[in-house]
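Undergrad: Dropping the structure in here first, questions after.
The values are calculated or read from the model by the stated rules, or taken from the named source; none is laboratory data. These numbers come from a predicted model, not from an experiment. As a convention, Cβ positions derive from the backbone with ideal geometry for all residues, glycine included, and neighbour counts pool all protein chains shown. Each accessible area value is taken on the protein alone, full model and side chains, heavy atoms only, with ligands, DNA and RNA left out. Shrake-Rupley method; radii C 1.70, N 1.55, O 1.52, S 1.80 Å.
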Amino acid sequence: MLTGQASISRQLPASLRKPMAASALVVVLLVTLAALFAPWIAPYGPDTMNLDAVLQAPSWQHWAGTDELGRDVASRVLHGARPSLAAAVGIVSIGLVLGLLVGTFSGLLAGWIDNVIMRLTDIVMALPGLVVALALTAAMGPSLFNAVLALGVLSVPAYIRVARGQALALREREFVLAARAMGAGTWHLMRAHVLPGVLPPVLVFMTFHLGAAVLASSALSFIGLGAQPPAAEWGAMIGSGREYVLGHWWLVTMPGVVIILTAASFNLLGDALRDWLDPRAASR
């Protein structure tokens, strides 16, 4: 048994074997499992009301207490993992796909196309992102889908800059110049030679962005522009419980702690992934 555990430990990257990174990985895995299996894990349904148990403090029956409608807070936190993580993944996916392709294409071509793309990117990045997301979501209508769409589009310029920087460095490497001299087209160069080198730093940035996306989507839900009641979503739970926070602390504490732990865990995993993919960062 010990031999098997030692073998698994040796297979893990050294950066993930550090206590903080390992703890972050455990938290992310637990939140992911909660999102996948909440209907089978949660002791109650997310919308099951019990008007005889309104605003009860944490107890053996409701270990995270109940809300203003008698719903079990722990069950709602477990069910809230699904929309919260789905929103974060959706935001990151939009930024990753669009930003990776446009940034790599821009850095590989350079010239006036690169200048136009980067000037547009600078303009978008100069805008206050969350304020613009508020305006876009309010214009399109308050919903979690619209919040994800707005935040995802606004995250594209950051991915463009990361991908473009790597593509500019790679376009002058010998293997790229050799492939171009042999007649390889732009799309072949990007797909076969440049994208594999661009992916590692973009994946590191994506891991950091997941934590920020959890916070941003929860913030929009908190002010009523994201998930709408009675949806069990972490930010929406804090928003509905803020009126009772002085006398019933558990309504905002439970989802708030989960948001903080999830966002911090993604950031710690980003640090570990960066150390793994960039040995120079680990040595520093």
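Undergrad: Restrict the check to region 201-214 and report whether at least one residue is open to solvent by 70 Å² or more (accessible area, probe 1.4 Å), free of Cβ contacts under 8 Å to residues at least 60 places away in the same chain and out of contact with any Gly (no Cβ under 7 Å at 6 or more places or on another chain).
TA: no
Undergrad: If you don't mind, another one. Which ones in region 15-38 are open to solvent by 70 Å² or more (accessible area, probe 1.4 Å) and at pLDDT 90 or above?
TA: 26, 29, 30, 33, 36, 37
Undergrad: Now, a different point. Among (1) hydroxyl-bearing (Ser, Thr, Tyr); (2) at pLDDT 90 or above; (3) open to solvent by less than 30 Å² (accessible area, probe 1.4 Å), which single condition is residue 93 missing?
TA: Residue 93 satisfies all of (1) hydroxyl-bearing (Ser, Thr, Tyr); (2) at pLDDT 90 or above; (3) open to solvent by less than 30 Å² (accessible area, probe 1.4 Å) except (3).
Undergrad: Now a separate question. Within the set of pairs 6+ apart or on separate chains, which have a first residue in region 40-53 that is closer than 12 Å to residue 70 by Cβ, a second that is at pLDDT below 90 and assigned to a helix (DSSP H, G or I), and C-beta atoms under 7 Å apart?
TA: Matching pairs, first to second residue: none at all.
Undergrad: Here's a follow-up. Criterion first (open to solvent by 30 Å² or more (accessible area, probe 1.4 Å) and either at pLDDT 90 or above or part of a helix (DSSP H, G or I) (or both)) does residue 120 satisfy it?
TA: yes
Undergrad: State the number of residues belonging to region 139-163 that are of a type outside the set (Phe, Trp, Tyr), open to solvent by 60 Å² or more (accessible area, probe 1.4 Å) and either assigned to a helix (DSSP H, G or I) or modelled with pLDDT of 90 or more (or both).
TA: 5
Undergrad: Another question, if that's okay. Could you go through region 102-115 and let me know if any residue there is open to solvent by less than 60 Å² (accessible area, probe 1.4 Å) and touching an Asp or Glu at 6+ places or on another chain (Cβ under 6 Å).
TA: Among the residues of region 102-115, at least one is open to solvent by less than 60 Å² (accessible area, probe 1.4 Å) and touching an Asp or Glu at 6+ places or on another chain (Cβ under 6 Å), which makes the answer yes.
Undergrad: How many of the residues in region 238-250 are assigned to a helix (DSSP H, G or I) and open to solvent by 10 Å² or more (accessible area, probe 1.4 Å)?
TA: 7
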